[in-house]
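Read the structure below first, then the notes.
The values are calculated or read from the model by the stated rules, or taken from the named source; none is laboratory data. Computed from a predicted model, the values in this text were never measured in an experiment. A quick note on method: Cβ atoms are made from the backbone with ideal geometry, for glycine too, and the neighbour counts reach across all protein chains shown. All accessible areas refer to the heavy atoms of the entire protein, side chains included, with ligands and DNA or RNA removed. Shrake-Rupley method; radii C 1.70, N 1.55, O 1.52, S 1.80 Å.
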Amino acid sequence: ELMQGPSGREEKIFVSVRLRPLNEKEIQRNDVSEWECINDNTIIYRNNLSVSERSMYPTAYTFDRVFRSDCSTRQVYEEGAKEVALVVVSGINASIFAYGQTSSGKTYTMSGITEYTVSDIYDYIEQHNERNFLLKFSAMEIYNESVRDLLSADNTPLRLLDDPERGTTVEKLTEETLRDWNHFKELLSVCEAQRQIGETFLNEASSRSHQILRLTIESSAREFLGNDKSSSLTATVNFVDLAGSERASQSLAAGARLKEGCHINRSLLTLGTVIRKLSKGRNGHVPFRDSKLTRILQSSLGGNAKTAIICTMSPARTHVEQSRNTLLFASCAK
Ligand code: ADP
Ligand code: MG
């Protein structure tokens with residue numbers, strides 16, 4: 001559903017699905033593509049279902065937008081994220097999520113979207129000389145419910161603090177004031193390096209961890225025009241590259257795994273619950289406080305904040321079960 005909801009009703013989350021092409025590995029094992037985007041909103045399962053399967057699974061799924069496997073990341077940004085991400089220049093918080101199984105294209109999609117957004121924000125700043133802008137950048141990773149600074153070589157887990165005015169903050173998180181585009185690119189390389197250092201210590205870290213890159217924009221009118229509320233604005237946009245969604249379905253599937261001490265991805269499960277509740281409207285308790293991810297993002301989810309979720313999926317027959325789980329998550333979010 002579109003962001004500008006009618007009659008002031010709670011605004012919906014913009015949900016899109018991006019199908020990627022079959023990759024080298026899938027082609028080599030003669031895997032085939034089972035999914036097709038038949039228009040801008042509908043993705044279908046092409047293979048004939050047996051009668052019993054037909055009663056279990058839908059064959060067509062409809063979203064705010066679906067992107068065929070030949071769509072560029074630029075197009076996914078323009079039509080699936082830009083409108084939500086750029087509300088930050090008007091003082092409104094936003095979050096963009098990539099959700100999907102490991103190797104479905106989350107990082108590929110989210111890194112492009114992050115760069116396009118920051119580039120558009122710089123263009124916006126250039127065209128708005130009447131205001132002064134300050135951009136601040138920070139980056140963190142959540143692994144096993146512990147938060148790490150991706151801009152610092154110090155791997156000590158960071159604590160969350162409850163600030164009565166600002167909500168939940170991450171104690172000692174590095175926040176860099178961006179000098180320019182090149183500085184932003186440098187910081188992205190620092191994050192990437194920090195992430196890789198983490199990976200060598202933690203088995204399969206990238207499929208189990210969530211990465212949050214956040215950009216805070218402060219602006220003020222150059223000339224103070226009386227008692228104008230918009231004379232000073234602050235807002236944050238979060239780019240969230242989630243842990244592989246197979247972690248959520250695995251831990252949901254088998255209680256046995258929990259008893260074995262296998263870690264549930266609490267943040268991913270809680271995010272699912274929070275998003276389902278938010279998409280259903282304003283009633284009832286939303287369990288933001290149940291995980292680190294949702295605590296950190298609380299002020300950028302719900303309320304007047306804008307949210308877009310891009311669900312990435314492999315078209316391959318071998319991944320059909322995970323793809324269905326992804327589409328089910330996407331359906332619950334819209
Ligand atoms: P994830 O972050 O979900 O684990 P990645 O983004 O790392 O997945 O993608 C896995 C691989 O597939 C990468 O090599 C990436 O470059 C490639 N890939 C993902 N999506 C696309 C796409 N839409 N088009 C081309 N290559 C893609
Ligand atoms: Mg990734």
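Values as computed for the structure displayed
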| read-out | value |
| --- | --- |
| Residue count for the range 33-56, restricted to those that are in contact (Cβ under 8 Å) with a residue 12 or more places away in the chain and more than 24 Å from Y99 (Cβ to Cβ) | 0 |
| Every residue from the range 274-318 that is over 24 Å from N41 (Cβ atoms), assigned to a helix (DSSP H, G or I) and open to solvent by less than 10 Å² (accessible area, probe 1.4 Å) | V274, L293, T294, I296, L297, S300 |
| Those residues of the range 158-181 which are acidic (D, E), more than 20 Å from G303 (Cβ to Cβ) and either exposed (fewer than 15 other Cβ atoms within 10 Å of the Cβ) or out of contact with any helix residue (DSSP H, G or I) (no Cβ under 8 Å at 6 or more places or on another chain) (or both), in sequence order | E171, E175, D180 |
| Residue list for the range 190-241, restricted to those being in contact with a Ser or Thr (Cβ under 9 Å, 6 or more places away or on another chain), hydrophobic (A, V, I, L, M, F, W, C), within 16 Å of ligand 2 (Cβ to nearest atom) and at pLDDT below 95 | L202 |
| Tabulated pairs, the range 18-32, first among the β-branched types (V, I, T), second assigned to a helix (DSSP H, G or I), C-beta under 8 angstrom, 6+ apart or interchain | V32/R317 |
| The one condition in (1) over 27 Å from S300 (Cβ atoms); (2) within 16 Å of ligand 1 (Cβ to nearest atom) that S16 fails to fulfil | (1) |
| Unmet criterion (only one of (1) under 22 Å from the mean Cα position of the chain (by Cα); (2) surrounded by 13 or more Cβ atoms within 10 Å (Cβ to Cβ)) for A221 | (1) |
| Single condition F97 does not satisfy, out of (1) within 16 Å of ligand 1 (Cβ to nearest atom); (2) surrounded by 15 or more Cβ atoms within 10 Å (Cβ to Cβ); (3) not in a strand (DSSP E or B) | (3) |
| Residue check, Y116 closer than 19 Å to T326 by Cβ and within 16 Å of ligand 1 (Cβ to nearest atom) | no |
| Scope the range 102-121; condition within 16 Å of ligand 2 (Cβ to nearest atom) and either acidic (D, E) or in a helix (DSSP H, G or I) (or both); matching residues | K106, T107, Y108, T109, M110, S111, G112, I113, T114, E115 |
